[in-house]
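Everything below concerns the one structure shown next.
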Amino acid sequence: MHTYEYDSNVYFRKITVTACFCVFILAYAVFQLAAGETPFLWIGALVIAGYFVWETFVSIANPSKVETDEKGITFSAYKKSHHYDWAEIRKFRCKPLASGTKMYVRINEAGIFRGRYWVNCYYYSEGEELFKFLYNKEIEIDPNGLKAKAVQGSIQSKKLKKQKYDRKQQARAQKQLAKQLRANAAKKR
């Protein structure tokens, strides 16, 4: 089993504190709506804060720990875990973001309770390894998927370029050999 853990100090600051602040905003928005204050503003605050609280504490979309082994993968946070056996996974989608360190992972029919995870590999122990593992696992699980085809196409393209390069090198070597043979023949005359 391999365990990747989010840096606990950063997790506390970035996820837990933000979620607790959102709980406060959520409660305040409910109070303001009950008092009849500018409903559109507070409905917006209620939806946004409620979404973040749900993602953090209910669906654990921001896991503090990812565990992998030959049997499956487990995402954990706040003493809750979501485990998936590799055999039961039909869809495994990883969407790397522009930073190259954060990845959005969706498993099977991802819903509001489980199956959607933001994995910010930058803050995990051995995060680069985790990023590569998740990326390669998608290709392994869905060898006919778009990402797998792109990787296969890239490999094929590199092979073709190498073959073309090898043919050019061979042609140059043949030209040099022919040139040397002509030069040797000219010296013998």
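Of note:
- Qualifying residue in the range 55-78 (condition: over 30 Å from I141 (Cβ atoms) and not in a strand (DSSP E or B)): no
- Residue in the range 1-13 that is least open to solvent (accessible area, probe 1.4 Å), counting only those that are without any contact (Cβ under 8 Å) to a residue 60 or more places away in the chain and of a type outside the set (A, V, I, L, M, F, W, C): S8
- Just one of the listed residues (E138, E126) is modelled with pLDDT under 90, surrounded by 13 or more Cβ atoms within 10 Å (Cβ to Cβ), within 19 Å of M1 (Cβ to Cβ) and out of contact with any His (no Cβ under 7 Å at 6 or more places or on another chain), and it is E126.
- Number of positions in the range 79-106 that are assigned to a loop (DSSP other than H, G, I, E, B) and of a type in the set (S, T, Y): 2
- Filtering L41, L33 for residues that are surrounded by 15 or more Cβ atoms within 10 Å (Cβ to Cβ), out of contact with any strand residue (DSSP E or B) (no Cβ under 9 Å at 6 or more places or on another chain) and either without any contact (Cβ under 8 Å) to a residue 40 or more places away in the chain or over 30 Å from K132 (Cβ atoms) (or both) leaves a single hit, L33.
- Subset of the range 116-142 [under 16 Å from W86 (Cβ atoms), aliphatic (A, V, I, L, M) and out of contact with any helix residue (DSSP H, G or I) (no Cβ under 6 Å at 6 or more places or on another chain)]: L134, I141
- For the range 51-71, the set of residues classified as under 21 Å from T16 (Cβ atoms) and open to solvent by less than 20 Å² (accessible area, probe 1.4 Å) consists of E55, T56, S59, I60, A61, P63, V66, listed by residue number.
- Residues (open to solvent by 100 Å² or more (accessible area, probe 1.4 Å) and either among the hydroxyl-bearing types (S, T, Y) or outside any loop (DSSP other than H, G, I, E, B) (or both)) located in the range 107-123: Y122
- Index of the failed condition, C94 passing every other in (1) open to solvent by 60 Å² or more (accessible area, probe 1.4 Å); (2) within 16 Å of D142 (Cβ to Cβ): (1)
The values are calculated or read from the model by the stated rules, or taken from the named source; none is laboratory data. Remember, it's a predicted structure, so these values are computed and weren't measured experimentally. Counting neighbours? That spans all protein chains shown, and the Cβs are built from the backbone with ideal geometry, glycine included. Areas reflect the complete protein model, heavy atoms only, side chains present, ligands, DNA and RNA absent. Shrake-Rupley method; radii C 1.70, N 1.55, O 1.52, S 1.80 Å.
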